[in-house]
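Remarks on the structure that follows.
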Amino acid sequence: MFKLNEIKELIELVDKTSVHELEIENEGTRLCIRKPGKSELVHVQPAVVPSLPQVAAATGQAISAAADNAQVPAAAQGAESAAADANLHKIVSPMVGTFYRASSPDANPYVNVGDKVGVKTTVCIIEAMKLMNELEAEVKGEIVDILVENGQLVEYGQPLFLVKPE
């Protein structure tokens, strides 16, 4: 069985090397870590692209090219949105896994947009290898946006929530 800190270390190691895929089996548990390739980026939605630390340079180029071809009003709106986002805290995924807003399908979500959260408030669950990992807000404030859908696969470092700090 892999420990959470071991998984994080492996993800960071793969991220920092030219290795694109790592598959390990330990005590009957299999772990597979893959970096997305350039061909995968073509189909990624803009909200997901900034969350992939291993392709930050390629993402910046793609965004610059898109901005050069965009109309001025759209570019101005993007600048305003970026300035507003700069004041917000991003709660990011500490691992690759499946995002769940509630403890079970019939339970109420941990948080909704507009909810006040504290440092220790549980905001979601990330399931990795059949382990349910509760994620805490780690900041006091108000949930402004939920960036992923329930049941969606998330990447390491992917923003999940935007919080307006108090």
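Observations on the model:
- Applying the condition of being buried (at least 20 other Cβ atoms within 10 Å of the Cβ) and over 13 Å from the mean Cα position of the chain (by Cα) to the range 142-166 and asking which residue is farthest from Pro36 (Cα to Cα) yields Ile143.
- Residue count for the range 132-141, restricted to those that are among the aliphatic types (A, V, I, L, M) and surrounded by fewer than 16 Cβ atoms within 10 Å (Cβ to Cβ): 1
- Check on Gly157, small (Gly, Ala, Ser) and free of Cβ contacts under 8 Å to residues at least 60 places away in the same chain: no
- Any chance Ala67 is at pLDDT below 85, surrounded by 12 or more Cβ atoms within 10 Å (Cβ to Cβ), more than 19 Å from the chain's Cα centre (by Cα) and more than 20 Å from Ile11 (Cβ to Cβ): yes
- Each residue in the range 102-116 was checked for being at pLDDT below 95 and either of a type in the set (Ser, Thr, Tyr) or crowded, with 20+ Cβ neighbours inside 10 Å (or both), and 2 of them qualify.
- Beta carbons closer than 9 Å, at least 6 apart along the sequence or on distinct chains, pair a first residue in the range 19-35 that is basic (Lys, Arg) with a second that is assigned to a strand (DSSP E or B) for Arg30/Glu23; Arg30/Ile24; Arg34/Glu21; Arg34/Leu22; Arg34/Glu23; Lys35/Glu21.
Let's see how each residue does on (1) over 30 Å from Pro165 (Cα atoms); (2) modelled with pLDDT under 50; (3) not hydrophobic (A, V, I, L, M, F, W, C):
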residue	(1), (2), (3)
Glu9	no, no, yes
Leu41	yes, yes, no
Gly60	no, yes, yes
Ile63	no, yes, no
Asn87	no, no, yes
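- Among (1) out of contact with any Lys or Arg (no Cβ under 8 Å at 6 or more places or on another chain); (2) modelled with pLDDT of 90 or more; (3) polar (S, T, N, Q) - the single one Asn150 does not satisfy: (1)
- Test: residue in the range 133-142 that is touching a Ser or Thr at 6+ places or on another chain (Cβ under 8 Å) and either over 23 Å from Asn5 (Cβ atoms) or of a type in the set (Gly, Ala, Ser) (or both): yes
The values are calculated or read from the model by the stated rules, or taken from the named source; none is laboratory data. This structure is a prediction, so every number in the text was calculated from the model and none was measured. Glycine gets a Cβ as well: all are built from the backbone with ideal geometry, and neighbour counts include every protein chain shown.
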